[in-house]
Amino acid sequence: MIKDTLTSSITEKNAVIGVIGLGYVGLPLIVEFCLKGYQGIGFEVDKKKADSINAGESYIVDVSGENVQKCLADGKLSATTDFSLLAKCDVVIICVPTPLRKTKDPDMSYIIAAGEEIQKYLRKGQLIILESTTYPGTTDEVLQPMLEEKGFKLDEDFLLAFSPERVDPGNPQFQTHNIPKVVGGVSPDSTEVASLLYAQIVNEVHSVSSARVAEACKLWENTFRAINIGMANEMARLCNTLGIDTWEVVRAAATKPFGFMPFYPGPGIGGHCIPLDPHYLSWKARQHGFDSQFISLAEQVNSGMPAYVVKLVSTALNDVKKAVNGSKILILGVAYKKDIDDMRESPALSIIDLLRSRGADLVYHDPFVPEVTFDHAYTIGDAEPLYNKDLTDELVKNSDCVIICTEHSNIDYKRICELAPLIVDTRNALSPDVRNGSKAKVVRL
Ligand SMILES: NC(=O)c1ccc[n+]([C@@H]2O[C@H](COP(=O)([O-])OP(=O)(O)OC[C@H]3O[C@@H](n4cnc5c(N)ncnc54)[C@H](O)[C@@H]3O)[C@@H](O)[C@H]2O)c1
């Protein structure tokens, strides 16, 4: 019985764990298994990433080089571009990207490509798990038929499950081991064995009745965030219209010990998850004739925030008799959130693009991001790349406006307030103390 064989190899730590895609999700995962004593093989299409892991170097902020080196020294970890080694694995976990197409429909090409490799090398007795965020039905509608095409039978020859990844890059408090893991198989045996597997590396496993429930759970979580951030953004604009301090309102509301969870406004949403994942859900719902209105509304509000920030900048400059055209604008922080280097879907990209299209002379400082590139196909202004500028006194002093897009911790905001003539703070990065002593005119979201 496949269930019994896998149960004993997992319990006895003989199971070889393959992870396809060694990015933000896959690398921490495989390292966690290797640290727990399992043999881990990482599969990558990017040879540079595979080489760097084999050389003991980590390129992911939450994975230390020491841990990678320890796994290598123990002979537990290896990375490869040779997918024929999939046949050696007892468990194969897929952690490849799930972006959107230009039409905002799910781009399943990475999952399909990984599925095709698995299909090629599938042998009897393997547990396949999908971790990439995707629409409900992917595991049983897309992957299961690919595996069955080989004539293999679920529960007899292979097991198949979905388990969403909830990692929060850069979060020192919650990492793989202490984030509860939801697991749903396409059969009860699949759920049971996949849950047992994750129980080896995480403190809490929550099993659900199907892969579809687990897929929907992940999308519900991220849609919840997108919608609540959308509401915070709308409330910020509403408060601004009424002349009320948004941030003071949220702080006050957050004192309620039940029934309120604070979400904060900002220049827009970014990252690989929150701006994309709700589209996976609404796309699937649309296939069944259901129009998810909350998702559309949140998307509309959140994607309008960069233009709103540009409006704030333009009004603030106008108040001091300046135009955006020709003004020197310094953007502080371009990554999509604080203290990380991830530029994916960062709202700073749209803000820069809109300001450059209006003739602003634009530079940025971000200690985590050396270079910002633009996709020509989507850019309305200048598509030339930008490079990080040192945060010198001269740079700040000579700027007509400083926009705080991302509130990185290692910026001396007091100094910015002493030097800049005008600051647009989209993150409430300036504490009341700093703000009140400021020589700069400060405009907040
Ligand atoms: N980053 C996050 O915070 C996060 C959190 C939860 C869930 N997720 C989800 O996890 C999945 C992976 O995200 P990520 O952030 O790790 O992406 P990533 O881009 O950091 O990593 C994906 C890796 O997969 C590799 N890859 C692509 N196609 C491949 C293939 N066919 N075979 C082998 N390797 C391949 C890429 O080279 C890359 O290294 C996505 O579905 C994402 O939505 C991400």
Cβ-Cβ under 8 Å pairs, at least 6 apart or on other chains, region 264-277 side outside any loop (DSSP other than H, G, I, E, B), far side away from the ligand (no atom under 11 Å from the Cβ) and not aliphatic (A, V, I, L, M): ASP277/THR223
Search result, residues across region 43-58 that are more than 9 Å from the ligand (Cβ to nearest atom) and outside any helix (DSSP H, G or I): ALA55, GLY56, GLU57, SER58
Residue in region 358-371 that is in a helix (DSSP H, G or I) and buried (at least 21 other Cβ atoms within 10 Å of the Cβ) present: no
Residue, farthest from the ligand (Cβ to nearest atom), within region 263-280, restricted to residues that are of a type in the set (Phe, Trp, Tyr) and farther than 11 Å from ALA226 by Cβ: TYR264
Meets criteria (surrounded by 15 or more Cβ atoms within 10 Å (Cβ to Cβ), assigned by TED's automatic domain parsing to the domain that holds GLU131, within 14 Å of the ligand (Cβ to nearest atom) and more than 30 Å from LEU196 (Cβ to Cβ)) for SER109: no
Test: residue in region 209-231 that is of a type in the set (Val, Ile, Thr), assigned by TED's automatic domain parsing to the domain that holds PRO164, at negative phi and in contact (Cβ under 8 Å) with a residue 12 or more places away in the chain: yes
In region 112-139, the residues that are over 15 Å from TYR280 (Cα atoms), near the ligand (Cβ under 9 Å from one of its atoms) and either acidic (Asp, Glu) or assigned to a loop (DSSP other than H, G, I, E, B) (or both): GLU116, GLU117
Qualifying residue in region 183-195 (condition: surrounded by fewer than 20 Cβ atoms within 10 Å (Cβ to Cβ) and either within 16 Å of the ligand (Cβ to nearest atom) or under 15 Å from ILE93 (Cα atoms) (or both)): no
Output for region 10-42, where each listed residue is more than 6 Å from the ligand (Cβ to nearest atom), part of a loop (DSSP other than H, G, I, E, B) and buried (at least 21 other Cβ atoms within 10 Å of the Cβ): ALA15, TYR38
Meets criteria (surrounded by fewer than 17 Cβ atoms within 10 Å (Cβ to Cβ), more than 16 Å from the ligand (Cβ to nearest atom) and more than 16 Å from ARG225 (Cα to Cα)) for THR246: no
Given (1) assigned to a helix (DSSP H, G or I); (2) within 11 Å of the ligand (Cβ to nearest atom), index of the condition LEU72 fails: (2)
Count of residues meeting criterion [farther than 23 Å from ILE404 by Cβ and either assigned by TED's automatic domain parsing to the domain that holds PRO97 or under 26 Å from the mean Cα position of the chain (by Cα) (or both)] in region 251-271: 2
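The values are calculated or read from the model by the stated rules, or taken from the named source; none is laboratory data. These numbers come from a predicted model, not from an experiment. Positions of Cβ are generated from backbone atoms using ideal geometry, with glycine treated the same way; all protein chains shown enter the neighbour counts.
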